[in-house]
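For reference, the structure discussed in these notes is given below.
The values are calculated or read from the model by the stated rules, or taken from the named source; none is laboratory data. Bear in mind the structure is a predicted one, so any value in this text is a computation, not a measurement. Using ideal geometry, Cβ is built from the backbone for each residue, glycine included, and neighbour counts are taken over all protein chains shown.
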Amino acid sequence: MYARYIKRVVDILLGLIAAVLLMVPMVMIGIIIKIDDPKGKVIFKQTRIGRNGKRFKILKFRTMRSDTPKHLPNNCMTPEEYDEYTTKIGKWLRKTSVDELPQIYNIIKGDMSWVGPRPVIEKEVGLLNARRSAGLEPFRPGLTGWAQINGRNKLTDEEKADFDAQYVGKISLLFDLVCMWKTLPLVISKSGFTEGCERIDRITDFEE
């Protein structure tokens, strides 16, 4: 009952409240992004895989310089590339996950939920297959999720899918609230956050 009907109502109500409360801070962040790099856009859009395999454009605050080579990935760069192509404000936005705030509008629209498996790109075949095997396709991707709380970037694809399956098995209003509450200290402490990698894994294209 909750997963099928009530969860969507909660998503919309919380989304509308958050959109109103965070409107001014988000506008201020947008202004800072433009000041930091006037040539680039404020919002970064990227195709992700959503509920039942449906593609949608996820929204984020832009964190990369406008002259970033289009082939560079945004989730697996060398430390040198990260330092060179991430804007000053962008580094803070990524580390604090504030760059994810525009996804409030993805939630209101119905592309996403507040809590669920994080949306991935089409070329992340390993994670998509693991989630498919776990029966997770019918669920909307989330702004945060049980896998993010239990390891975030440090988890393997199989571990992420396992935690996401655990979430689906326990899904309820109370558990969603617990997940959102547990997300706050992780964002503040930046626990599980990693940026850059030992090699270039070209799996993500930029879509400005």
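Quick one: which residue in Thr47, Thr63, Thr87 is touching a Gly at 6+ places or on another chain (Cβ under 6 Å) and either modelled with pLDDT of 95 or more or among the polar types (S, T, N, Q) (or both)? Quick ask: steps written out before the conclusion?
Values: Thr47 fails: touching a Gly at 6+ places or on another chain (Cβ under 6 Å); Thr87 fails: touching a Gly at 6+ places or on another chain (Cβ under 6 Å).
Sole residue among the options that is touching a Gly at 6+ places or on another chain (Cβ under 6 Å) and either modelled with pLDDT of 95 or more or among the polar types (S, T, N, Q) (or both): Thr63.
Is there any pair with a first residue in the stretch 113-131 that is over 10 Å from Ile49 (Cβ atoms) and without any contact (Cβ under 8 Å) to a residue 40 or more places away in the chain and a second that is of a type in the set (Asp, Glu) and surrounded by fewer than 23 Cβ atoms within 10 Å (Cβ to Cβ) whose Cβ atoms are under 7 Å apart and which are 6 or more apart or on different chains, and what are they?
Close Cβ pairs (under 7 Å, with a partner that is of a type in the set (Asp, Glu) and surrounded by fewer than 23 Cβ atoms within 10 Å (Cβ to Cβ)) amount to Gly126/Asp157; Ala130/Asp157; Ala130/Glu158.
Select from the stretch 23-42 the residues that are surrounded by fewer than 15 Cβ atoms within 10 Å (Cβ to Cβ) and among the hydrophobic types (A, V, I, L, M, F, W, C) and list them in ascending order.
Within the stretch 23-42, Met23, Val24, Val27, Met28, Ile31, Ile35 meet the criteria.
Tally up the residues in the stretch 132-159 that are within 13 Å of Arg51 (Cα to Cα), among the small types (Gly, Ala, Ser) and surrounded by fewer than 19 Cβ atoms within 10 Å (Cβ to Cβ), please. Before you say what the answer is, go through the steps one by one.
Taking the stretch 132-159 first, the residues within 13 Å of Arg51 (Cα to Cα) are 132, 135-142.
Next, only the ones that are among the small types (Gly, Ala, Ser) stay: 135, 142.
Within this subset, residues satisfying the condition of being surrounded by fewer than 19 Cβ atoms within 10 Å (Cβ to Cβ) are 135.
Total meeting the criteria: 1.
Give me the pairs: first residue in the stretch 166-187 and more than 27 Å from Thr96 (Cβ to Cβ), second residue surrounded by 13 or more Cβ atoms within 10 Å (Cβ to Cβ) and acidic (Asp, Glu), beta-carbon distance under 6 Å, and six or more apart or on different chains, which are they?
Listed pairs, sorted by first residue: none to list.
When you go through Pro185, Pro117 one by one, which is the residue that is assigned to a helix (DSSP H, G or I) and either at negative phi or at pLDDT below 85 (or both)?
Working: Pro117 fails: assigned to a helix (DSSP H, G or I).
One residue alone meets the criteria, Pro185.
Go through (1) of a type in the set (A, V, I, L, M); (2) assigned to a helix (DSSP H, G or I); (3) touching a helix residue (DSSP H, G or I) at 6+ places or on another chain (Cβ under 9 Å); (4) more than 14 Å from Arg140 (Cβ to Cβ) for Leu59 and report which single condition fails.
(2)
From the set of residues in the stretch 132-164 that are on the phi > 0 side of the Ramachandran plot and in a loop (DSSP other than H, G, I, E, B), which is farthest from the chain's Cα centre (by Cα)? Spell out how you get there, then give the answer.
Here is the first cut: in the stretch 132-164, the residues on the phi > 0 side of the Ramachandran plot are 135, 151-152.
This time we only want the ones that are in a loop (DSSP other than H, G, I, E, B), so: 135, 151.
Numbers: Gly135: 21, Gly151: 14 Å.
Within the stretch 132-164, the match that is farthest from the chain's Cα centre (by Cα) is Gly135.
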